[in-house]
Amino acid sequence: MKALNIIVLFFSLFLISCNSEPSLQKYFVENTENKNFIALDVSREILNVDKNKLSVAQTAALKSFEKMNVLAFKLTDTNKAEFELERAKVDLILKDKKYQQLMKFGSGKEGGSVSFVGTDDHIKEFVFYANKKENGFAVVRILGKDMNPTDVMTMLSVLQHSNIDLEQLKPLQQLMK
């Protein structure tokens with residue numbers, strides 16, 4: 001009887017710990033192998049930066065950045081219905097209160113948004129979402145530790161000093177064709 005109680009307790013804890021709410025992380029994992037999506041993970045090493053040439057602020061911004069995940073849906077004549085369904089899923093996920101919207105641009109069917117997860121000075125994730133009815137949509141997650149909006153702007157200046165390894169970005173060329 002004790003063994004049965006332990007099994008029931010363990011199983012109950014397992015079910016409680018499973019979170020069935022949608023999240024971008026789950027969405028990325030579920031669609032990585034989908035033929036309509038292009039998935040790409042980019043580490044900070046892609047920037048190929050001479051750290052000796054960076055300012056203190058640039059070095060701090062680079063340290064706060066961990067990696068970037070890109071998931072892009074390429075629209076074709078044969079997947080328009082799936083495009084609408086997948087776009088609606090992303091819109092629903094980004095409506096969750098944990099994604100705080102910084103800005104939105106464009107109209108309902110086209111445009112994009114910038115959101116973040118965390119607090120103003122301790123951002124864990126920036127999310128860039130863009131969609132265009134002729135091409136598809138893309139979601140970019142920039143993951144880091146204690147990032148802030150200034151860090152993202154500073155990272156843009158780091159990009160000017162970088163020698164990006166374009167070989168890692170080849171999968172995104174498929175989206176542009």
* Asked: For the range 109-134, how many residues meet the condition of being in contact with a Lys or Arg (Cβ under 8 Å, 6 or more places away or on another chain) and open to solvent by 80 Å² or more (accessible area, probe 1.4 Å)?
  -> 3
* **Close pairs (8 angstrom Cβ cut-off, 6 or more residues apart or separate chains): over 14 Å from I93 (Cα atoms) and open to solvent by 100 Å² or more (accessible area, probe 1.4 Å) in the range 14-37, modelled with pLDDT under 60 and not basic (K, R) anywhere** => none
* Flag if K124 is in contact with an Asp or Glu (Cβ under 9 Å, 6 or more places away or on another chain) and not β-branched (V, I, T) -> yes
* Asked: Quick one: is V70 part of a strand (DSSP E or B) and in contact (Cβ under 8 Å) with a residue 60 or more places away in the chain?
  -> yes
* Evaluate the range 140-161: report whether one residue or more is open to solvent by 30 Å² or more (accessible area, probe 1.4 Å), out of contact with any helix residue (DSSP H, G or I) (no Cβ under 8 Å at 6 or more places or on another chain) and of a type in the set (D, E, K, R). => no
* Asked: Taking interchain pairs and intrachain pairs at least six residues apart, which have beta carbon atoms under 6 angstrom, with the first residue in the range 95-115 and under 22 Å from L75 (Cβ atoms) and the second polar (S, T, N, Q)?
  -> K104/S113; S113/Q101
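The values are calculated or read from the model by the stated rules, or taken from the named source; none is laboratory data. None of these values were measured; they are calculated from a predicted model. Methodologically, a virtual Cβ is constructed for each residue, glycine included, from the backbone with ideal geometry; neighbour enumeration extends over all protein chains shown. Ligands, DNA and RNA are stripped out before the accessible areas are found, and what is left, the full protein with its side chains, is counted by its heavy atoms. Shrake-Rupley method; radii C 1.70, N 1.55, O 1.52, S 1.80 Å.
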